[in-house]
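A.B. asks: This is the structure I want to talk about, given as structure tokens.
The values are calculated or read from the model by the stated rules, or taken from the named source; none is laboratory data. From a predicted model like this one, the values you see are computed outputs, not experimental measurements. Cβ placement follows ideal geometry from the backbone for every residue including glycine, while neighbour counts extend to all protein chains displayed. Surface accessibility is based on the protein's heavy atoms, side chains included, excluding ligands, DNA and RNA. Shrake-Rupley method; radii C 1.70, N 1.55, O 1.52, S 1.80 Å.
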Amino acid sequence: MLVQRRVVVSEYGAPTVMALETRDLPAPGAGEVQVRHTAIGFNFIDIYQRKGIYPLQLPSGLGFEAAGVVEAVGPGVTDIKPGDRVATINAGLGAYADRRNVPADKLAVLPASVSDEAAATLFFKGMTAQYLLRKTHAVQPGDLLLVHSAAGGVGQILSRWATALGATVIGTTGSPQKRDAALAAGCKAVIDLNDPAWPEAFLVATGGRKARVVYDAVGKDTLIKSLDCAAPFGLVVSYGAASGPAPAIDLDLLNKKGGLFITRPSIFAHNADSVSFRANAADFFDAVAKGHVSVDIGQRFSLDEIAKAHEAAEARQTVGAILITP
């Protein structure tokens with residue numbers, strides 16, 4: 001029997017609540033695949049869950065995203081074989097580990113054009129961008145978009161991919177130091193969220209034009225003002241809570257702001273079944289192959305340094321994606 005090293009959370013709190021434990025890992029069961037991780041992704045949802053903003057059943061593993069090599073398959077698995085390079089984003093919590101057993105239908109086989117590191121750092125974020133740009137709103141040439149946290153992992157992918165689709169992207173960042181990263185990702189202009197008048201700055205940057213879609217991953221500190229940046233009948237997409245849970249919205253306010261639409265979508269709902277998941281993954285991999293999406297690894301941490309990774313992300317000291325190595 002193999003030994004698994006994994007991160008476990010037994011209580012909510014600071015990064016120090018994460019503990020690295022060792023346990024026996026059984027052979028994969030029916031419909032399962034055993035994957036040896038070569039690269040592990042980090043996402044802000046990991047922080048929300050560690051802190052209890054998104055409650056878990058404790059004790060719990062952490063992490064949704066990893067890439068690696070198939071070491072063994074369980075009974076009934078026919079579409080994946082040992083030696084395949086694979087990635088997963090929706091196999092349940094527990095990607096913060098050196099190896100794990102996962103349901104075969106939660107895995108996508110990686111094409112040669114996508115490296116393990118790219119998959120681990122891009123897959124969750126890229127599939128988030130995929131549903132935001134393709135499903136929540138099918139971005140069209142000429143669309144004006146406002147992307148909050150444009151220098152972050154998802155924000156950079158959103159900006160690059162949307163630009164490739166013909167949209168014009170205005171980005172926001174939480175610090176002036178991240179401005180260059182957002183511009184490099186395709187943003188036509190970058191607004192500093194530390195300026196209380198950032199909605200006015202957005203309108204100055206666009207010549208008074210409002211956004212067809214506002215993508216808001218910040219939450220509490222930005223959502224109400226995001227409504228002021230959406231064009232009449234425009235869409236505000238709340239898909240994250242970097243500053244805390246988004247406030248409740250009075251529906252009549254949407255009417256007063258121009259008949260706006262607002263939604264709170266999820267990557268999991270869009271990839272709930274294997275057919276949808278693999279079709280969405282193929283669309284994302286195609287965007288990578290075309291150069292619409294590229295990896296930008298800002299920092300690397302080992303699994304033993306997982307607390308440092310969370311501390312750096314929470315302090316907004318990182319630009320681009322964080323890569324965790326087993």
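A.B. asks: With θ set to phi - 60°, apply the Karplus curve 6.51 cos²θ - 1.76 cosθ + 1.60 along the range 301-315 and write out the HN-Hα couplings as whole Hz, x wherever there is a Gly or Pro.
C.D. replies: 9, 7, 4, 5, 9, 4, 5, 5, 4, 5, 4, 5, 5, 5, 7
A.B. asks: Can I ask one more? Taking every DSSP beta bridge that has both residues in the chain, what percent is antiparallel when rounded to the nearest 5? Display every interim value, and only then the final one.
C.D. replies: Numbers: 32 of 56 bridges.
Here the antiparallel bridges make up roughly 55 percent for the chain.
A.B. asks: Could you name the lysines in cross-link range of LYS225, using Cα to Cα under 29 Å and dropping any fewer than eight places away on the same chain?
C.D. replies: Counting by Cα, and skipping residues close in sequence, LYS225 has these lysines nearby: LYS51, LYS125, LYS135, LYS178, LYS188, LYS210, LYS256, LYS257.
A.B. asks: Still on this structure: Please get the size of the charge dipole for the chain, origin at its Cα centre, with Cβ charges of +1 on Lys and Arg and -1 on Asp and Glu, quoted in debye to the nearest 20.
C.D. replies: Values: 31 positive and 31 negative charges, 98 e Å.
About 480 debye.
A.B. asks: Using modelled backbone amide H atoms (1.01 Å from N, in-plane), which distant-in-sequence or interchain residues come within less than 5 Å of ILE262's amide H?
C.D. replies: Amide H neighbours of ILE262: VAL236.
A.B. asks: Also, quick follow-up: With +1 on each Lys and Arg Cβ and -1 on each Asp and Glu Cβ, and nothing else charged, work out how big the dipole of the range 255-326 is about its Cα centre, in Debye to the nearest 20. Don't skip to the answer; put the middle values down first.
C.D. replies: Values: 8 positive and 8 negative charges, 90 e Å.
For the range 255-326, the charge dipole is close to 440 debye.
A.B. asks: Let me ask another. Compare the Cα positions of VAL17, PRO141, GLY92 along the charge dipole of the chain (+1 at Cβ of Lys, Arg; -1 at Cβ of Asp, Glu; about the Cα centre) and return the one farthest towards the positive end.
C.D. replies: So the residue furthest toward the plus end is PRO141.
A.B. asks: Test of understanding: what is the full-extension gain from ALA279 to ALA164, defined as 0.36 nm times their sequence separation minus their Cα-Cα distance?
C.D. replies: Numbers: separation 115, 0.36 × 115 = 41.40 nm, distance 2.01 nm.
That works out to 39.4 nm of additional length.
A.B. asks: Follow-up. Give a residue-ordered list of calculated ³J(HN,Hα) values for the range 64-78 (Karplus: 6.51 cos²θ - 1.76 cosθ + 1.60, θ = phi - 60°; whole Hz; x for Gly, Pro).
C.D. replies: Ordered by residue, 3J(HN,Hα) equals 10, 10, 7, 10, x, 10, 6, 9, 7, 10, x, x, x, 8, 10 Hz.
A.B. asks: Just to confirm my numbers, what's the Cα centroid distance between the range 270-319 and the range 175-230 in Å?
C.D. replies: Spelled out, the Cα-based centre of one part sits 23 Å from the other.
A.B. asks: If the reach is capped at under 20 angstrom between alpha carbons, list the aspartates and glutamates near LYS308, excluding any in the same chain fewer than eight residues apart.
C.D. replies: Filter leaves GLU11, GLU21, ASP46, GLU65, ASP98, GLU117, ASP296.
A.B. asks: Output ³J(HN,Hα) for the range 34-49: one whole-Hz value per residue in order, computed from phi by the Karplus curve 6.51 cos²θ - 1.76 cosθ + 1.60 with θ = phi - 60°, and x for Gly and Pro.
C.D. replies: 9, 10, 8, 6, 10, 7, 10, x, 10, 9, 4, 4, 4, 5, 4, 6
A.B. asks: Using a/c under 1.5 as the rounded threshold, could you call the range 144-207 rounded, prolate or oblate? The axes a ≥ b ≥ c are square roots of the C-alpha gyration tensor eigenvalues, and prolate needs a/b larger than b/c, oblate otherwise. Before the final figure, lay out the partial values.
C.D. replies: Details: a/c = 2.17, a/b = 1.26, b/c = 1.72.
Verdict is oblate for the range 144-207.
A.B. asks: Out of all DSSP beta bridges with both ends in the range 63-199, state the antiparallel percent to the nearest 5.
C.D. replies: Values: 7 of 15 bridges.
Restricted to the range 63-199, the bridges split so that about 45 percent are antiparallel.
A.B. asks: Based solely on its DSSP helices, what 222 nm [θ] is calculated for the chain when runs of n ≥ 4 H residues each add -39,500 (n - 2.57) and the sum is averaged over all residues, nearest 500 deg cm²/dmol? Don't skip to the end; give the middle numbers.
C.D. replies: Details: 10 runs with 90 residues, N = 326.
After summing the helix terms and dividing by the residues of the chain, the value is -8000 deg cm²/dmol.
A.B. asks: What Kirkwood hydrodynamic radius do you get for the range 195-237 when you take the inverse of the mean 1/r over all pairs of distinct Cα atoms, in Å?
C.D. replies: Details: mean 1/r = 0.0957 Å⁻¹.
Computed over the range 195-237, the radius equals 10.4 Å.
A.B. asks: Let me ask you something else. Once you have a ≥ b ≥ c as the square roots of the Cα gyration tensor eigenvalues for the range 1-133, tell me rounded if a/c is under 1.5, and otherwise prolate or oblate according to whether a/b is larger than b/c.
C.D. replies: Numbers: a/c = 1.97, a/b = 1.24, b/c = 1.59.
It is oblate, given that a/c is not under 1.5 and a/b is not larger than b/c.
A.B. asks: Same structure again: Any idea how far the Cα center of the range 1-66 sits from the one of the range 73-142, in Å?
C.D. replies: 17 Å
A.B. asks: Would you pull out the residues with amide H under 5 Å of TYR54's amide H, same chain only if 5 or more places away, H placed 1.01 Å from N?
C.D. replies: GLN49
A.B. asks: With every protein chain left in place, what is the accessible area of HIS37 in Å² (1.4 Å probe, nearest 10)?
C.D. replies: 10 Å²
A.B. asks: For the range 246-326, give the percent of accessible area contributed by carbon and sulfur heavy atoms, probe 1.4 Å, rounded to a whole number. Could you put the intermediate results ahead of the total?
C.D. replies: Working: 2140 of 4110 Å².
Carbon and sulfur: 52 percent of the exposed surface of the range 246-326.
A.B. asks: Turning to a different aspect of this structure: With +1 assigned to the C-beta of every Lys and Arg and -1 to the C-beta of every Asp and Glu, and no other charges, what is the dipole magnitude of the range 84-176 about the Cα centre in debye, to the nearest 20?
C.D. replies: Numbers: 8 positive and 6 negative charges, 25 e Å.
Approximately 120 debye in magnitude.
A.B. asks: Something else about it: From a point 7 Å beyond the Cα of ALA248 in the direction of its Cβ, which residues of the range 205-221 have a backbone N at a distance under 11 Å?
C.D. replies: Zone members listed by number: none at all.
A.B. asks: Out of the total accessible area of the range 1-144 (probe 1.4 Å, heavy atoms of protein only), what percent is carbon and sulfur?
C.D. replies: Looking at the range 1-144 in its full context, I get 54 percent from C and S.
A.B. asks: Specify which labelled value, from [x] 63, 38, 36; [y] 61, 48, 37; [z] 64, 45, 40, agrees with Cα extents along the principal axes in Å derived from the coordinates of the model shown.
C.D. replies: Correct label, based on the coordinates given: [x].
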